[in-house]
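For reference, the structure discussed in these notes is given below.
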């Protein structure tokens, strides 16, 4: 595909069929919801079922035909072109829309295979540019999509001669090339166990249980049962988000960055450029502790944007939904190459902080080495934040009235939008100020080192340039 | 440290200026702060007070709400002078420093190279008092580098200076 440059191409002809299938599914869901007996209604599904069957079916048929027509038209007018320097996507019949994505603007390319598309060996490409809405191309034959993805990623890394071989073998079951090095695989028992012990799930379960017990005790179960329906739906949604979409979770090193492949019905394959990672948060809840499980989240530029369709922001800030300490170590070695966060020398906060943080002041540890700043705390639920010096956006020192009385102050390292919030509370005041000043020096040195590394590219194509600076940042 | 600093907040080594003195902001910003505080507290107290008074005839509760609001407002107005004097900024070789607050003090240090946007805004009240607010935006939503109460020409000069410094020192994220 990259060989026939500047040729207009269309997504796969089966696209309208698959999108129509989604519409059909949506209609069935709506009708199904009508048929489910509602809480107070003692005459279930009265509204729709009272219509003659013929009307119902022909109405349904008309909607399906219209939807199919609509998606056919939108498919016909969708074209994409790969140029020397950019990807161009044109859509729309009435309102034309043309989007251009410069290769050096690409932050990451994800390959998504919704269930229906998967049956037809098709896949959708989602291209993140860091500038809000992601660019989507759906659907392409799986092999083409994987090739295009590899090509775009290679170009995004400034690899001009990218002659992409068919190393990437996206299949119906997985998406991995033989050159990929699998770092972590999360097996189903671990995933399901972690889900069953997650606070989210237990809280969702707690409400109906309390309601059930109360209603049985007070003999009002006939009111309580219909009220449970939304809760059951909520649990279903939770299972689909936390288990089904995270099934067969695999983190691999592709040589161009990390790749996350996951999903039971919908297969999603996210690419995660290592140099885009702004910070890492590792945490463990009290219930996970006996099993030694941890969850790993990362701050990634361009992933902070909300996408209502697929709660992507949450899904993609996650590096590992659950992992053992050893798996965490492997994943960290993958996303912070050459850095060992365990080797960072840590210090404690003064004992007088107990007046302000009596519940866990003795567990607070923080420290820095040449590359990263580490902060950890907690004894029941534990948490650890790691921020590379080169990714520090700003440093803050804050002090409230009580802290002033005790001669304490807090230090915050601000990173790009995401789950990581590196903040040490209640350091000694003078230490806090010194730490902040030294952190500025460390960050400056780290940025200078990055610039030196990036400069060997004389073509003025900074390796994965800053998405939010226009034009690409000049290398000073 | 000197007796002249009696009006400014007690010197605190943790929030000492990095190098030379803090650049103060314009004292005209006191008017902006006082007026906007007054407007806010009048609105915050009047809505529930009038609701209770007009709908339920509970004017005595309304009077308590207004009274409490007046006390809080008066105590806030007394602090306006100190709060405005507590703002300060300093331009160092590579970083911008901003400090503010008297009860809850804060000091932010931002490398110029982290600049995404520099915004200068001035609302109607600020324009009437001839001041403007400069905001230094980075990729982090937590970066607290806003300098209010700058004379407009000073704000424009600072904006251009920061933009220039930001461009020459820009680094990828």
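The values are calculated or read from the model by the stated rules, or taken from the named source; none is laboratory data. Quick caveat, the model's predicted, so the values are computed rather than measured. Using ideal geometry, Cβ is built from the backbone for each residue, glycine included, and neighbour counts are taken over all protein chains shown.
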Inside the stretch B:98-111, the number of residues satisfying the requirement of being out of contact with any helix residue (DSSP H, G or I) (no Cβ under 8 Å at 6 or more places or on another chain) and surrounded by fewer than 21 Cβ atoms within 10 Å (Cβ to Cβ) is 1
Single condition residue A:358 does not satisfy, out of (1) over 18 Å from residue A:431 (Cα atoms); (2) away from chain B (no Cβ under 14 Å); (3) assigned to a helix (DSSP H, G or I): (3)
From A:394, A:410, which residue is closer than 19 Å to residue A:356 by Cα and in contact with a helix residue (DSSP H, G or I) (Cβ under 9 Å, 6 or more places away or on another chain)? A:410
Looking at the stretch B:153-171, which of the residues that are out of contact with any helix residue (DSSP H, G or I) (no Cβ under 7 Å at 6 or more places or on another chain) and closer than 24 Å to residue A:416 by Cβ is farthest from the other protein chains (Cβ to nearest Cβ)? B:159
Mind counting the residues in the stretch B:42-59 that are surrounded by fewer than 11 Cβ atoms within 10 Å (Cβ to Cβ), over 28 Å from the mean Cα position of the chain (by Cα) and assigned to a helix (DSSP H, G or I)? 2
What number of residues within the stretch B:12-37 satisfy the criterion of being without any contact (Cβ under 8 Å) to a residue 60 or more places away in the chain, more than 16 Å from the chain's Cα centre (by Cα) and in a helix (DSSP H, G or I)? 1
Of the residues that make up the stretch B:76-84, is at least one without any contact (Cβ under 8 Å) to a residue 24 or more places away in the chain and in contact with a helix residue (DSSP H, G or I) (Cβ under 8 Å, 6 or more places away or on another chain)? no
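One line per residue, one yes/no per condition, for (1) over 17 Å from residue A:414 (Cβ atoms); (2) buried (at least 21 other Cβ atoms within 10 Å of the Cβ); (3) at pLDDT below 95:
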residue	(1), (2), (3)
B:82	yes, no, yes
B:92	yes, no, yes
B:121	yes, no, yes
B:127	yes, no, yes
B:136	no, yes, yes
B:142	no, no, yes
B:158	yes, yes, yes
In the set A:302, A:334, the lone residue that is at pLDDT below 90 and buried (at least 21 other Cβ atoms within 10 Å of the Cβ) is A:302
Residue among A:416, A:390, A:423 that is in a loop (DSSP other than H, G, I, E, B) and either within 18 Å of residue A:297 (Cβ to Cβ) or modelled with pLDDT under 95 (or both): A:416
For residues that are loosely packed, with under 13 Cβ neighbours inside 10 Å and either more than 30 Å from residue B:14 (Cα to Cα) or in contact with a helix residue (DSSP H, G or I) (Cβ under 6 Å, 6 or more places away or on another chain) (or both), scanning just the stretch A:434-456, find the one that is modelled with the highest pLDDT. A:452
Residue set A:106, A:127, A:137; condition at pLDDT 85 or above, buried (at least 20 other Cβ atoms within 10 Å of the Cβ) and within 26 Å of residue B:116 (Cα to Cα); output residue A:127
Return a yes/no flag: does the stretch A:233-246 have any residue that is in contact (Cβ under 8 Å) with a residue 40 or more places away in the chain, surrounded by 13 or more Cβ atoms within 10 Å (Cβ to Cβ) and in contact with a strand residue (DSSP E or B) (Cβ under 6 Å, 6 or more places away or on another chain). yes
Which numbered condition trips up residue A:4, out of (1) closer than 22 Å to residue A:152 by Cα; (2) at pLDDT below 75; (3) touching a helix residue (DSSP H, G or I) at 6+ places or on another chain (Cβ under 6 Å)? (3)
Reported set for the stretch B:115-143 where residues are under 19 Å from residue B:26 (Cα atoms) and in contact with a strand residue (DSSP E or B) (Cβ under 7 Å, 6 or more places away or on another chain) is B:119, B:120, B:121, B:122, B:126, B:131, B:132, B:133, B:134, B:135, B:136
